[in-house]
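Heads up: the structure comes next, in structure tokens.
The values are calculated or read from the model by the stated rules, or taken from the named source; none is laboratory data. This structure is a prediction, so every number in the text was calculated from the model and none was measured. Here the Cβ is made from the backbone with ideal geometry for all residues, glycine too, and neighbour counts use every protein chain on show. Areas reflect the complete protein model, heavy atoms only, side chains present, ligands, DNA and RNA absent. Shrake-Rupley method; radii C 1.70, N 1.55, O 1.52, S 1.80 Å.
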Amino acid sequence: MAQKIKRLNETPSQTAGPYVHIGCTPSFTGIDVYNNDLGDSMVNANTLGERISITGTVVDGAGMVLRDTMVEIWQADAAGVHNSPQETRGVADPNFTGWGRSSGNAETGQFRFDTIKPGRVASRDGRLFAPHITFWIVARGINLGLHTRMYFAEEVEANAVDPILTRIEHQNRVPTLLAQNDGKGSYRFDIILQGDNETIFFDI
Amino acid sequence: MTKNSGYYHRDRNWHPPAYDEQYKTSITRSPNFAPLSFSTGISEETGPTFNQNILGPLDHDLIQNFAQPGELAIGPRIIVYGRVTDQDGRGIAGALVEVWQANAGGRYRHKKEGYLAPLDPNFGGCGRVITDADGNYEFRTVQPGPYPWPNRANDWRPAHIHFSVFGHAFAQRLITQMYFEGDPMIWQCPIVDTIPSKKAIKTLIAALDMDRTVPMDARAYKFDIVLRGNRQTVFENRLEGL
């Protein structure tokens with residue numbers, strides 16, 4: 001017998017269910033308990049960096065757009081620094097939260113984030129990631145929140161050396177992580193849960 | 001001086017799988033491809049922070065936070081309390097815990113909800129708290145009712161409270177559900193049953209704690225939450241360039 005390693009198990013996940021908005025974005029459902037829904041604004045007038053918007057939908061394996069999701073994003077500021085006490089590499093722009101949450105339009109299911117384009121972030125071994133935004137998707141029927149990243153299609157050189165993008169075996173699936181700019185700072189990023197063009201999800 | 005050298009990998013056999021044929025909605029919402037596994041980096045080891053100053057005075061009290069002045073929500077009054085820790089038992093301070101639930105009749109305040117049990121005009125169904133320096137939280141509510149839902153012909157959800165939890169890192173982000181000790185409906189529910197082991201399910205069942213009960217007022221249930229832990233290393237355990 002050896003000594004025991006006493007480590008706790010993580011609390012198991014359960015689906016967010018169809019009524020996640022009551023708890024996380026109550027104003028969206030007409031429940032007027034809080035002043036505003038958390039994560040509904042990431043920037044203010046003084047935020048540094050290139051203003052962008054991201055819109056998209058979450059689509060199931062039958063090709064139908066979900067209208068009961070909650071999508072969260074987390075990202076670095078324009079200099080590649082996160083607004084978090086855990087950030088070890090510098091102090092982030094105080095006018096940028098880095099975190100956004102969207103319930104999507106109740107009719108169209110379309111989520112939208114008004115944010116800034118993040119700077120590059122170094123990986124643990126010092127190599128630079130291409131600019132990216134972490135996405136986390138929950139909904140009825142999703143048993144464990146889905147983690148993925150949005151990269152920027154125009155960052156051809158940075159994407160070509162990104163430590164994660166270059167590690168993906170099915171390189172033909174990499175475009176599922178690339179958002180296209182319409183030329184006016186508006187990006188489209190659809191998340192396909194299953195089937196043709198299924199988004200690459202991360203176990204991280 | 002120790003440093004965070006990355007989060008423990010998530011045990012995917014402990015969590016429910018994406019696909020479970022008894023929970024029908026998961027069938028078209030589960031990815032087919034294996035997820036891409038990699039270690040956490042600074043993008044996942046950081047996360048948003050929430051200050052106490054975002055909280056209103058009644059955010060932790062679902063009995064009053066939607067009620068008309070002088071009114072109270074209907075149902076069995078309960079206190080839910082517990083501690084948010086990481087896998088090494090360290091309390092997580094400043095964790096935002098958001099909760100939502102049905103009313104005592106099993107009805108949610110939501111336009112997509114059509115169960116015939118009535119709405120309670122004094123119950124909204126949402127609350128939120130931020131853990132103290134040791135990771136403790138507490139809120140007050142009414143015990144939610146069970147309710148039927150469209151899945152198989154006669155499926156019912158056990159009484160439950162939904163929890164959304166932020167730790168210190170986005171890698172710790174978690175949504176789950178709390179159940180109540182002694183509820184026979186727990187073992188009938190296909191959503192509960194998406195979790196592979198009975199041992200894991202039991203960690204979602206809050207214990208009745210008579211010692212924390214407020215006499216002549218509210219019973220108490222204890223629900224501890226464990227978020228992912230991280231490797232605390234004294235030295236860099238990976239050399240530059242490797």
Among A:Ala130, A:Ala92, the single one that is more than 17 Å from the chain's Cα centre (by Cα), under 23 Å from A:Val43 (Cα atoms) and surrounded by 20 or more Cβ atoms within 10 Å (Cβ to Cβ) is A:Ala92
Subset of the range A:17-33, residues open to solvent by 10 Å² or more (accessible area, probe 1.4 Å), part of a loop (DSSP other than H, G, I, E, B) and within 7 Å of another protein chain (Cβ to nearest Cβ), comes to A:Pro18, A:Tyr19, A:Val33
When (1) assigned to a loop (DSSP other than H, G, I, E, B); (2) buried (at least 17 other Cβ atoms within 10 Å of the Cβ); (3) facing another protein chain (nearest Cβ under 7 Å) are applied to B:Val99, the one that fails is (1)
- Task: Using the structure shown, decide if A:Ser84 is open to solvent by less than 50 Å² (accessible area, probe 1.4 Å), within 30 Å of B:Asp59 (Cα to Cα) and part of a loop (DSSP other than H, G, I, E, B).
- Result: yes
Residue count, the range A:102-114, condition outside any loop (DSSP other than H, G, I, E, B) and open to solvent by less than 10 Å² (accessible area, probe 1.4 Å), comes to 2
For the range B:85-96 the number of residues that are among the polar types (S, T, N, Q) and in a loop (DSSP other than H, G, I, E, B) is 1
Filtering the range A:60-72 down to residues that are within 7 Å of chain B (Cβ to nearest Cβ) and open to solvent by 20 Å² or more (accessible area, probe 1.4 Å) yields A:Gly61, A:Ala62
Of those in the range A:10-41 that are acidic (Asp, Glu) and touching a residue at least 12 places away in the same chain (Cβ under 8 Å), the residue farthest from B:Pro121 (Cα to Cα) is A:Asp40
Here the residues within the range A:162-198 that are farther than 23 Å from B:Ala34 by Cα and not in a strand (DSSP E or B) are A:Asp182, A:Gly183, A:Lys184, A:Gly185
Report whether or not B:Asn154 is open to solvent by less than 40 Å² (accessible area, probe 1.4 Å) and at pLDDT 95 or above.
no
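This table checks each residue for (1) open to solvent by less than 70 Å² (accessible area, probe 1.4 Å); (2) assigned to a loop (DSSP other than H, G, I, E, B); (3) at pLDDT below 95.
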residue: B:Met1; (1), (2), (3): no, yes, yes
residue: B:Asn4; (1), (2), (3): yes, no, yes
residue: B:Arg10; (1), (2), (3): yes, yes, no
residue: B:Tyr19; (1), (2), (3): no, yes, no
residue: B:Thr28; (1), (2), (3): yes, no, no
residue: B:Asn32; (1), (2), (3): no, yes, no
residue: B:Pro48; (1), (2), (3): yes, yes, no
residue: B:Pro57; (1), (2), (3): no, yes, no
residue: B:Ile63; (1), (2), (3): yes, yes, no
Flagged pairs (Cβ under 9 angstrom, 6 or more apart or on separate chains; first in the range A:154-178, small (Gly, Ala, Ser); second open to solvent by 40 Å² or more (accessible area, probe 1.4 Å) and not in a helix (DSSP H, G or I)) are A:Ala158/A:Arg120; A:Ala158/A:Leu128
Sole miss for B:Glu44 among (1) open to solvent by less than 30 Å² (accessible area, probe 1.4 Å); (2) facing another protein chain (nearest Cβ under 8 Å); (3) in a loop (DSSP other than H, G, I, E, B) is condition (3)
All-but-one check, A:Gly98 against (1) in contact with a His (Cβ under 8 Å, 6 or more places away or on another chain); (2) at pLDDT below 95, failing number (2)
Exercise. Of the residues that make up the range B:157-167, is at least one aliphatic (A, V, I, L, M) and exposed (fewer than 15 other Cβ atoms within 10 Å of the Cβ)?
Worked result: no
Within the range B:179-208, the count of residues that are over 25 Å from B:Asn230 (Cβ atoms) and touching a residue at least 40 places away in the same chain (Cβ under 8 Å) comes to 7
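Each row is one residue, and each column tells you yes or no for (1) facing chain A (nearest Cβ under 9 Å); (2) out of contact with any His (no Cβ under 8 Å at 6 or more places or on another chain).
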position: B:Asp132; (1), (2): no, yes
position: B:Phe139; (1), (2): no, no
position: B:Gln143; (1), (2): no, yes
position: B:Pro146; (1), (2): no, yes
position: B:Asn151; (1), (2): no, yes
position: B:Trp156; (1), (2): no, yes
position: B:His168; (1), (2): yes, yes
position: B:Arg173; (1), (2): yes, yes
Taking the range A:176-200 and keeping only residues that are within 19 Å of A:Ala130 (Cα to Cα), more than 11 Å from every other protein chain (Cβ to nearest Cβ) and open to solvent by less than 80 Å² (accessible area, probe 1.4 Å), one is left with A:Leu178, A:Ala179, A:Asn181, A:Gly185, A:Ser186, A:Tyr187, A:Phe189
- Yes or no: A:Gly141 at positive phi, at the interface with another protein chain (Cβ under 9 Å from one of its Cβ atoms) and either in contact with a helix residue (DSSP H, G or I) (Cβ under 9 Å, 6 or more places away or on another chain) or of a type in the set (D, E, K, R) (or both)? yes
Is it fair to say A:Arg124 is touching a residue at least 60 places away in the same chain (Cβ under 8 Å), open to solvent by 10 Å² or more (accessible area, probe 1.4 Å), facing chain B (nearest Cβ under 7 Å) and in contact with a Ser or Thr (Cβ under 8 Å, 6 or more places away or on another chain)? no
- Task: Please indicate, with yes or no, whether at least one residue in the range A:42-59 is among the polar types (S, T, N, Q), touching a residue at least 12 places away in the same chain (Cβ under 8 Å), open to solvent by 60 Å² or more (accessible area, probe 1.4 Å) and over 26 Å from A:Ala153 (Cβ atoms).
- Result: yes
